[in-house]
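Since the structure comes first, as structure tokens, the remarks are kept for the end.
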Amino acid sequence: PFGVYDFAISPDGRTIVYSVNREENNSERDLWLIHSDGSARRLLVRCDAHICQSPSWSYDGALIAFQKHPLLEGSLGRSPGPGRVWIFDMESQQASPLFEDTQRISGSPRFAPNSYRLAFYDGLSNTIGIVDLESGDLEELPSLMGDSGAWSPDGSQIVYTELTASDAGQFSQLLRADLARSVITPLLALAASNDSSAAWSPTGDFIAFSRQAYRSGSAAGAQIWLADLSRAEAQLLTDTPGFNYGALAWSPDGRWLLAQRFDLTTPNARPEIWLIAPDRRNQRSIAVDAMLPAWLP
């Protein structure tokens, strides 16, 4: 009754882990499990004096990474402190911190689609960390944007945002990190826009993303663009500047995109979920007063 904060669907599509707020004045946020048919709801991790959120499943469903914040007492009540990534083992039903060093800050965990490599964001060093849970190897990518990026379908690359300066100002640009070759390149040429919400197509040939363009010093709503990786070019999929699009998700067969859309021109507007074909031939609303779309595999 007090609200789902976020969720993640298991690789087999049978189970959903979600973070849910406790009583309105209590501040804690716990992790729960439920079957995708709505049955067998149960508490997974009780987060007393903490906020737990941002779950991510490992490729085999054996592990769940999540972000855990302590609630700190202050003059205005309790507020979240620095976050740290924890790992829940489905076999042992136990959770433990990703790093033994309690001073290591980490958040926004995202498992690779085919291995026990985990991406996270370190807010102290302003880097995206990529740790192999089996070998312990750690790689770091500089970034100021606070997000851990999006994995390619084969787990060999990550696309993420970074602040880039130009004559027109500073803008968030999408960068593409090839982890096998240790090479970082811009996804597209720098434009007077803020790019975000990158999502790889299932084949890895395209990346959908949100772009908020600046015209004459003012910003319109972020629109959906589609980058063709073979050509390093992008085309516009939506052209309704009065609306903002984000939270993009590809269907497993690559035929559709889901997006969260918000009306910027209407007071007290509620978000909608839109279904969008990459060829622009079909775009329609499928849910009102809804957010954070995701596909069952």
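The values are calculated or read from the model by the stated rules, or taken from the named source; none is laboratory data. All figures in this text were calculated on a predicted structure; none of them were measured in a lab. For neighbour counting, all protein chains shown are included, and Cβ atoms are generated from backbone atoms with ideal geometry for every residue, glycine included. Accessible surface is based on the protein model in full, side chains and every heavy atom, while ligands, DNA and RNA are left aside. Shrake-Rupley method; radii C 1.70, N 1.55, O 1.52, S 1.80 Å.
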### Query
With (1) within 22 Å of SER193 (Cα to Cα); (2) open to solvent by less than 70 Å² (accessible area, probe 1.4 Å); (3) assigned to a loop (DSSP other than H, G, I, E, B) as the list, and ARG231 as the residue in question, which single condition is left unmet?
(2)
### Query
For the stretch 34-51, does any single residue satisfy the condition of being closer than 19 Å to LEU71 by Cβ and within 19 Å of the chain's Cα centre (by Cα)?
yes
#### Entry: Test: ALA165 is part of a loop (DSSP other than H, G, I, E, B), of a type outside the set (Asp, Glu) and either farther than 30 Å from ILE273 by Cβ or free of Cβ contacts under 8 Å to residues at least 24 places away in the same chain (or both)
no
### Task
Among the residues of the stretch 37-86, count how many are more than 24 Å from TYR116 (Cα to Cα) and of a type in the set (Gly, Ala, Ser).
9
### Task
Would you check if ILE224 is assigned to a strand (DSSP E or B), open to solvent by less than 70 Å² (accessible area, probe 1.4 Å), at pLDDT 95 or above and among the β-branched types (Val, Ile, Thr)?
yes
### Query
So which pairs qualify, if the first residue must be in the stretch 232-250 and under 22 Å from THR203 (Cα atoms) and modelled with pLDDT of 95 or more, the second must be open to solvent by 20 Å² or more (accessible area, probe 1.4 Å) and hydroxyl-bearing (Ser, Thr, Tyr), the Cβ gap must be under 6 Å, and the two must be at least 6 apart or on different chains?
GLY246/SER197; LEU248/SER197
### Message
Give all pairs with beta carbons closer than 9 Å in which a residue from the stretch 198-211 that is outside any strand (DSSP E or B) meets a residue that is of a type in the set (Asp, Glu) and surrounded by fewer than 22 Cβ atoms within 10 Å (Cβ to Cβ); count only pairs at least 6 apart in sequence or on separate chains.
### Response
PRO202/ASP253; GLY204/ASP154; ASP205/ASP228
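Restricting to the stretch 268-297, name every residue that is in a strand (DSSP E or B), among the small types (Gly, Ala, Ser) and under 21 Å from the mean Cα position of the chain (by Cα).
Within the stretch 268-297, ALA287 is the sole residue that qualifies.
Every residue, every condition in (1) aliphatic (A, V, I, L, M); (2) more than 22 Å from the chain's Cα centre (by Cα); (3) closer than 25 Å to LEU144 by Cβ, yes or no:
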{"residue": "VAL183", "(1), (2), (3)": "yes, yes, yes"}
{"residue": "SER197", "(1), (2), (3)": "no, no, yes"}
{"residue": "PHE206", "(1), (2), (3)": "no, no, no"}
{"residue": "ALA227", "(1), (2), (3)": "yes, no, yes"}
{"residue": "SER230", "(1), (2), (3)": "no, yes, no"}
{"residue": "GLU233", "(1), (2), (3)": "no, yes, no"}
{"residue": "ASN244", "(1), (2), (3)": "no, no, yes"}
{"residue": "LEU257", "(1), (2), (3)": "yes, no, no"}
